[in-house]
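Peer 1: My structure is below; once you've seen it, I'll send some questions.
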Amino acid sequence: MSVFRRADSKDGLYSYDFQLQGRRFSGSTGCTSKREAKQVETIKRAEAKAVLDVEKAFSDPNMTVAIAASRYWEEVGQHHENWKNTEWSMAWLVSHFGQDTLLQAIDDEKVTTMVAKRRGEFVPSQRKPGRKYKTPEVKKRVSAATVNRTVTQPLREVIIRAGALWGARTATIDWSKHLLPEPKERVREASSGEEAAIMAELARGYEVAVEFAFINGCRRMEILGLEWSRVDFFGRQFTVIGKGKKSRVIPMTKRTFEILWAQQNYHAEKVFTYIAARTVKTGDRRLIKGNPYPLTESGLKTAMRRAVPKAGVKNFHFHDTRHTAATRVLRNSNLKVVQQLLGHEDIKTTTKYAHAMMDDVLNAMEAAKPKNAEEAYTHASKPVRS
């Protein structure tokens with residue numbers, strides 16, 4: 001009997017005990033009624049069968065795209081820092097290839113078709129539905145970097161893992177032919193005038209966060225995530241949590257110390273805050289006008305998006321504050337120092353700032369030139385001694 005009451009049961013609860021495909025499953029039903037206990041046992045059987053089916057599918061060398069995506073998600077994807085992006089990528093791949101398509105059927109031709117399809121898609125609209133806008137929306141197709149990051153690289157990781165670790169049958173694919181060339185990341189440095197103009201257009205709270213970024217080269221999420229527990233005024237240093245949840249310690253400059261010291265008493269946990277401009281009591285948002293609240297990602301993005309054009313600055317984004325800080329530090333140090341500041345694991349990533357060193361070489365060469373045309377003529381016209 002698969003449903004029974006144990007002889008030593010003091011609570012009168014029924015237990016279940018059954019075998020399925022050579023595996024034993026047992027436990028308490030949590031029910032004192034035999035009828036209800038049988039219903040629970042039926043559910044447990046269905047759950048056990050589902051688990052066994054998944055385990056069988058996971059170990060089948062003829063693995064489908066859906067099973068491969070599911071297993072990758074269970075083992076790797078859900079633990080990614082940007083797990084929502086990985087979840088989206090897995091769903092897109094299954095939808096494109098079809099959940100019953102065998103992994104081994106995906107070859108160079110099918111990957112080429114996949115890349116073409118994703119490249120032809122448009123960037124999701126950022127406009128709020130129902131809201132009227134003065135200008136028509138200009139639709140943009142996804143970039144080469146987005147294609148690589150959202151479909152090609154995730155598929156590559158799934159297929160390589162399936163073949164190397166799961167024993168699944170996979171086709172040989174030349175991934176170098178499918179990764180689209182990406183433009184090199186630009187390095188946009190703000191002039192002191194541009195920095196001042198942007199700062200003048202930012203509201204209280206946002207201006208100190210942006211100034212902090214200009215000085216320390218921190219990423220937006222590193223600034224938003226900075227907490228008082230990681231600020232050491234005595235040691236004159238603070239710790240940020242960067243990509244991959246890796247921490248790095250940054251020493252405080254005199255101005256950074258002043259900025260951080262002034263932010264005390266606004267919030268018990270978060271360092272950077274803003275003052276609510278109005279009272280809001282809708283949904284999960286509860287704001288009281290005049291009270292301080294931690295800066296949010298959307299709020300900081302919006303503040304910069306509005307301040308930059310008002311300041312008359314062209315082609316400047318929040319991440320460019322990081323570029324600006326790195327370039328300025330490099331002019332007074334070397335690439336190893338900048339690598340440490342930015343938290344780059346590989347100094348090759350830091351070499352994109354080498355243009356600052358080239359600028360210094362150019363300035364030195366310009367300074368070494370004759371100061372005027374007369375001096376240049378004098379040097380050029382001197383007779384050559386035999």
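Peer 1: What are the radius of gyration and Dmax of segment 3-59, computed over its Cα atoms and given in Å?
Peer 2: 12.9, 42
Peer 1: Hey, what's the Cα Rg ratio for segment 163-227 versus the globular rule of thumb, 2.2 N^0.38 Å?
Peer 2: Numbers: Rg = 21.7 Å, N = 65, 2.2 N^0.38 = 10.7 Å.
Relative to the rule-of-thumb radius for its length, segment 163-227 sits at 2.02.
Peer 1: Using R₀ = 22 Å, calculate the FRET efficiency as 1/(1 + (r/R₀)^6) where r is the Cβ-Cβ separation of Gln264 and Ser298; round to 0.05. Can you show the working numbers first?
Peer 2: Values: r = 25 Å, r/R0 = 1.15.
Efficiency for this residue pair is about 0.30.
Peer 1: Give, in whole angstrom and from largest to smallest, the semi-axes √(5λ) of the equivalent ellipsoid of segment 192-353, with λ running over the eigenvalues of the Cα gyration tensor.
Peer 2: Values: eigenvalues 145, 77, 41 Å².
In descending order, the three semi-axes are 27, 20, 14 Å.
Peer 1: In nm, what is the difference between 0.36 nm times the number of residues separating Asn332 and Asp174 and their Cα-Cα distance?
Peer 2: The span from Asn332 to Asp174 would gain 52.5 nm if fully extended.
Peer 1: Keeping to pairs on different chains or 8 or more places apart, tell me how many lysine pairs in segment 32-159 have Cα atoms under 26 Å apart.
Peer 2: So the count of such lysine pairs works out to 15.
Peer 1: I've got another one for you. Taking Rh as the Kirkwood radius, which is the inverse of the mean 1/r over Cα pairs, what is the Rg/Rh value for segment 10-151? Can you show the working numbers first?
Peer 2: On the way: Rg = 23.1 Å, Rh = 19.5 Å.
Expressed as Rg/Rh, it is 1.19.
Peer 1: Using label points projected 7 Å from each Cα along Cα→Cβ, tell me how many nm separate Lys352 and Glu74, to one decimal.
Peer 2: So the two model labels end up 3.8 nm from each other.
Peer 1: With θ set to phi - 60° and the Karplus curve 6.51 cos²θ - 1.76 cosθ + 1.60, what are the ³J(HN,Hα) couplings of segment 16-28 in order, to the nearest whole Hz, using x for Gly and Pro?
Peer 2: Once θ is set to phi - 60°, the couplings for segment 16-28 become 10, 7, 8, 10, 9, 6, x, 10, 9, 10, 8, x, 8 Hz.
Peer 1: Also: Starting with the fewest neighbours, write out Phe97, Phe25 ranked by other beta-carbon atoms found within 10 Å of each beta-carbon. It would help to have the intermediate numbers written out before the result.
Peer 2: On the way: Phe97 22, Phe25 18.
By the 10 Å Cβ count, ascending: Phe25, Phe97.
Peer 1: Once label points are set 7 Å from the Cα along Cα→Cβ at both Lys134 and Lys369, what is their separation, rounded to one decimal in nm?
Peer 2: According to this spin-label approximation, the distance is 4.5 nm.
Peer 1: In percent, what relative contact order does the chain have, based on Cα pairs under 8 Å that are 6 or more apart in sequence? Please list the in-between numbers first.
Peer 2: Working: 451 pairs, mean separation 43.1, N = 386.
For the chain, the relative contact order is 11 percent.
Peer 1: Then there is this: On a full-extension model of 0.36 nm per residue, what is the gain between Thr279 and Asp100, subtracting their alpha-carbon distance, rounded to one decimal in nm?
Peer 2: Result for the pair: 59.2 nm of gain on full extension.
Peer 1: Among Ala311, Ala277, Ala145, which one shows the highest mean-square fluctuation when the chain is modelled as a Gaussian network with alpha-carbon springs under 10 Å?
Peer 2: For the chain, modelled as a Gaussian network with Cα springs under 10 Å, the answer is Ala277.
Peer 1: For Lys110 and Thr42, what is the calculated FRET efficiency with R₀ set at 45 Å and r taken between the beta-carbons, to the nearest 0.05?
Peer 2: On the way: r = 42 Å, r/R0 = 0.93.
After rounding, the FRET efficiency stands at 0.60.
Peer 1: Which GluC sites (Glu not before Pro) from segment 105-172 combine a DSSP loop assignment with at most 14 other Cβ atoms within 10 Å? Don't skip to the end; give the middle numbers.
Peer 2: On the way: sites: Glu109, Glu121, Glu137, Glu157; in loops: Glu121, Glu137.
For GluC sites (Glu not before Pro) across segment 105-172 that sit outside H, G, I, E and B with at most 14 neighbouring Cβ atoms in 10 Å, the list reads Glu121, Glu137.
Peer 1: Picking from Pro61, Ala164, Ala262, whose Cα lies most toward the positive end of the charge dipole for the chain (charges on Cβ: Lys, Arg +1; Asp, Glu -1)?
Peer 2: Farthest towards the positive pole: Ala262.
Peer 1: Given a Förster radius of 51 Å and the C-beta distance between Phe234 and Arg149 as r, what FRET efficiency does 1/(1 + (r/R0)^6) yield to the nearest 0.05? Each step should come with its number before you reach the end.
Peer 2: Details: r = 42 Å, r/R0 = 0.82.
For Phe234 and Arg149, the calculated efficiency is 0.75.
Peer 1: Report, in whole Å, the centroid distance computed from the Cα atoms of segment 256-332 and segment 135-213.
Peer 2: 22 Å
Peer 1: Counting other beta carbons within 10 Å of each residue's own, what order do Leu52, Leu93 fall into, fewest first?
Peer 2: Numbers: Leu52 15, Leu93 24.
Ascending number of Cβ neighbours within 10 Å: Leu52, Leu93.
Peer 1: Moving to a separate point now. Where a ≥ b ≥ c are the square roots of the eigenvalues of the C-alpha gyration tensor, would you call segment 141-252 rounded, which needs a/c under 1.5, or, failing that, prolate if a/b is larger than b/c, or oblate? Each step should come with its number before you reach the end.
Peer 2: On the way: a/c = 3.69, a/b = 1.86, b/c = 1.98.
Oblate is the answer for segment 141-252, as a/c is 1.5 or above yet b/c matches or exceeds a/b.
Peer 1: What residue among Val115, Val147, Ile198 has its Cα farthest toward the positive end of the dipole of the chain, where the charges are +1 on Lys, Arg and -1 on Asp, Glu, each on the Cβ?
Peer 2: Ranked along the dipole, the leading option is Ile198.
Peer 1: Would you mind working out the magnitude of the charge dipole of segment 1-102 relative to its Cα centre, with +1 at each Lys and Arg C-beta and -1 at each Asp and Glu C-beta, to the nearest 20 Debye? Walk me through the intermediate numbers first.
Peer 2: On the way: 14 positive and 14 negative charges, 135 e Å.
Here the size comes out at about 640 debye.
Peer 1: If you put +1 on each Lys and Arg Cβ and -1 on each Asp and Glu Cβ, how big is the dipole of the chain around its Cα centre, in Debye rounded to 20? Write down the numbers at each step before the final one.
Peer 2: Details: 66 positive and 44 negative charges, 223 e Å.
Result for the chain is approximately 1080 debye, rounded to the nearest 20.
Peer 1: Could you tell me the largest-minus-smallest coordinate of the C-alpha atoms of the chain on each of the three principal axes, in descending order and whole angstroms?
Peer 2: Here the spans come out as 113, 61, 51 Å, largest first.
Peer 1: If you filter segment 1-103 for GluC sites (Glu not before Pro), then keep DSSP loop positions with at most 13 other Cβ within 10 Å, what is left?
Peer 2: Values: sites: Glu36, Glu41, Glu47, Glu55, Glu74, Glu75, Glu81, Glu87; in loops: Glu81.
Answer by residue number: Glu81.
Peer 1: Using unit Cβ charges (K, R positive; D, E negative) and no other charged atoms, how large, in debye to the nearest 20, is the dipole of segment 268-321 about its Cα centre?
Peer 2: That gives a dipole near 320 debye.
Peer 1: For the chain, what does -39500 (n - 2.57) per DSSP helix run (n ≥ 4), summed and divided by total residues, give at 222 nm, in deg cm²/dmol to the nearest 500? Before the final figure, lay out each step's value.
Peer 2: Numbers: 16 runs with 175 residues, N = 386.
Value at 222 nm, helices only, nearest 500: -13500 deg cm²/dmol.
Peer 1: Let me check the size of segment 82-222 from its C-alpha atoms; what are the radius of gyration and Dmax in Å?
Peer 2: Here Rg and the maximum Cα pair distance are 21.0, 60 Å.
Peer 1: Same structure again: Label-point separation (nm) for Asp360 and Arg306, each offset 7 Å from Cα along Cα-to-Cβ?
Peer 2: Taking the two extended label points, one gets 4.0 nm.
Every number in this text was worked out from the coordinates using simple rules, so none of it is lab data. Quick caveat: nothing in here was measured; it's all calculated off a predicted structure. Note that we place each Cβ from the backbone using ideal geometry, even for glycine, and neighbour counts take in every protein chain shown.
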